[in-house]
Amino acid sequence: MTTTSVQPAAIDEEDLDRRAGRWIGRWAPEDPVFWRRIGSGVARRNLIWSIFAEHIGFSVWLLWSIVVVRLGDAGWQLTTSQALWLTAVPSGVGALLRLPYTFAVPVFGGRNWTVISALLLIVPCAGLAWAVEHPEIGFLPLLLIAATAGLGGGNFASSMANISFFYPEREKGWALGLNAAGGNIGVAVVQFVVPQVIVLGGGLALARAGLMYIPLAVIAAICAYLFMDNLVEAKADVGPVWSSLRHRDTWIMSLLYIGTFGSFIGYSAAFPTLLTSVFGRPDVALAWAFLGAAVGSCCRPFGGRLADLVGGARVTVASFVLMAAGALAALWSVERRSMGVFFAAFLLLFVATGIGNGSTYRMISRIFQIKGEERGGAPEVMLAMRRQAAGALGIISAVGALGGFLVPICYAWARSTYGGIQPALRFYVGFFLVLLVVTWAAYLRPGGRMARARV
């Protein structure tokens with residue numbers, strides 16, 4: 001007697017319903033057979049090139065964080081507050097651009113918008129290359145040119161919203177963590193590479209900081225055009241994005257993301273300037289400040305993976321505990337003029353923000369999945385919730401990125417008003433503790449529906 005096993009139906013490229021312009025009509029990542037045979041490979045390819053484009057965007061976004069340290073050597077006479085404004089404004093513009101960049105994915109398609117957004121990076125790169133060599137233009141024109149670097153900050157929102165459609169729910173934490181980390185590490189790369197490139201061959205050539213990224217932006221656009229795809233599932237009207245605004249959780253997560261990603265990008269922008277202005281060590285800033293962004297970026301996917309395993313809310317609470325401890329240690333080090341402890345405290349802050357970045361982003365998709373299940377879990381309901389989750393990702397990333405503006409400005413205010421950054425550090429300690437309580441009350445409180453579902 002023989003038994004015949006039933007094999008699942010074959011799935012091949014035709015099942016993707018490929019259309020002109022690299023549009024994919026059928027995408028079913030939650031189907032295990034589809035995912036194993038086709039979906040994972042296509043998703044991985046899109047993730048790789050999304051990471052590359054986002055990496056270049058982040059690098060351009062934070063170019064001024066390291067260029068500003070050498071502006072004095074190029075003939076610019078700037079105060080510490082002006083230097084911090086030059087690092088803050090690109091972050092603020094990038095935060096504001098994240099909302100329209102999120103809308104761009106359903107309007108243009110993820111692949112198409114990646115091409116456009118990569119080419120837009122030429123504008124801030126060329127502007128920086130010209131401006132740094134003309135100190136006679138004054139501070140305000142310089143600030144306006146620096147603001148265009150915010151174009152690089154908008155890339156994150158569209159990239160994350162796009163990639164969220166490609167992966168099944170069970171793998172989104174890791175995939176989004178990798179996508180974000182690949183972008184975030186651009187901060188460390190630019191802070192490590194630019195100080196070396198601008199002094200190649202002797203002398204100082206700050207213009208190279210912008211010029212070196214123009215060909216890289218073009219390459220990112222070409223690779224996206226050739227190797228990425230658009231998903232019809234993601235090309236909906238912008239209604240789901242607006243719908244996500246009606247959920248209380250969108251705004252709670254926006255606040256939490258200010259504490260995680262906002263702190264990461266804000267500290268990344270301000271760290272070189274703080275090492276220079278507080279401790280008078282531009283040499284340390286140019287040689288070692290990149291380590292903060294590097295460790296924070298590397299920790300982000302692990303925060304997402306931990307959230308996949310034990311729940312994002314638990315990991316987020318732990319990250320806020322570490323952030324409060326890091327801010328306290330930094331406060332102690334400033335009062336006792338210990339640069340070593342200050343550097344170590346900031347590294348702890350970067351580790352905690354990286355972990356919290358990954359866990360908070362994992363919470364968003366899980367929250368909207370729970371909302372869909374509570375409404376019956378029908379396929380059309382779950383699709384609507386995935387679209388709303390993608391919209392929420394962009395909105396939350398836009399609000400959270402405002403921290404990149406607020407952190408340097410808070411330091412500039414404390415420095416100009418009180419002569420030191422201690423008041424800013426005391427505020428951050430309290431802020432992180434408040435966010436810890438908010439996370440617990442909204443998502444971990446015993447008996448709460450989100451706690452039962454292990455958000």
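Overview of results
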read-out: Long-range HN-HN contacts of Leu231 with modeled amide H, under 5 Å; value: Ile24, Gly110, Arg111
read-out: Per-peptide average of other Cβ atoms within 10 Å, ordering 25-31, 149-155 highest first; value: 149-155, 25-31
read-out: Heavy-atom accessible area per residue - the chain, 1.4 Å, Å²; value: 37
read-out: For region 281-336 versus region 382-443, the gap between their alpha-carbon centres in whole angstrom; value: 14
read-out: Other-chain or far-sequence residues with amide H under 5 Å of Arg18's (modelled H); value: Gly25
read-out: Accessible surface of the chain, 1.4 Å probe, proportion on carbon and sulfur as whole %; value: 67
read-out: Shape category assigned to region 285-324 from the gyration tensor of Cα positions, a/c cut at 1.5; value: oblate
read-out: Cβ crowding within 10 Å averaged over residues, with 287-294, 300-307 ranked highest first; value: 300-307, 287-294
read-out: Angstrom value of the Kirkwood radius, inverse mean 1/r, which spans all Cα pairs in region 162-225; value: 14.2
read-out: Of Gly203, Val437, Ala146, farthest towards positive along the dipole that unit charges on Lys, Arg, Asp, Glu beta carbons give the chain; value: Val437
read-out: Dipole moment magnitude, nearest 20 debye, the chain about Cα centre, only Lys, Arg, Asp, Glu C-beta charged; value: 900
read-out: Alpha-carbon spread of region 327-455, three principal axes, descending order, Å; value: 60, 29, 23
read-out: For Ser117, net neighbour charge (Lys/Arg +1, Asp/Glu -1) across residues whose Cβ lies under 13 Å away; value: +1
read-out: Identified option (computed volume of the Cα convex hull per residue in Å³; candidates (1) 157; (2) 141; (3) 270); value: (1)
read-out: Positive-end residue, the chain charge dipole about Cα centroid, Cβ charges, pick of Val105, Leu309, Tyr418; value: Leu309
read-out: Ellipticity estimate at 222 nm from DSSP helix runs (n ≥ 4, -39,500 (n - 2.57)) divided over the chain, nearest 500; value: -24000 deg cm²/dmol
read-out: Net charge of neighbours whose Cβ lies under 14 Å from the Cβ of Trp174, counting Lys and Arg as +1 and Asp and Glu as -1; value: +4
read-out: Cα centre as origin, Lys/Arg/Asp/Glu Cβ charges: region 225-339 dipole, Debye; value: 340
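The values are calculated or read from the model by the stated rules, or taken from the named source; none is laboratory data. Please read all numbers here as calculations on a predicted model, not as lab measurements. In this analysis, Cβ positions are derived from the backbone assuming ideal geometry, glycine residues included, and neighbour counts consider all displayed protein chains. Accessible surface is based on the protein model in full, side chains and every heavy atom, while ligands, DNA and RNA are left aside. Shrake-Rupley method; radii C 1.70, N 1.55, O 1.52, S 1.80 Å.
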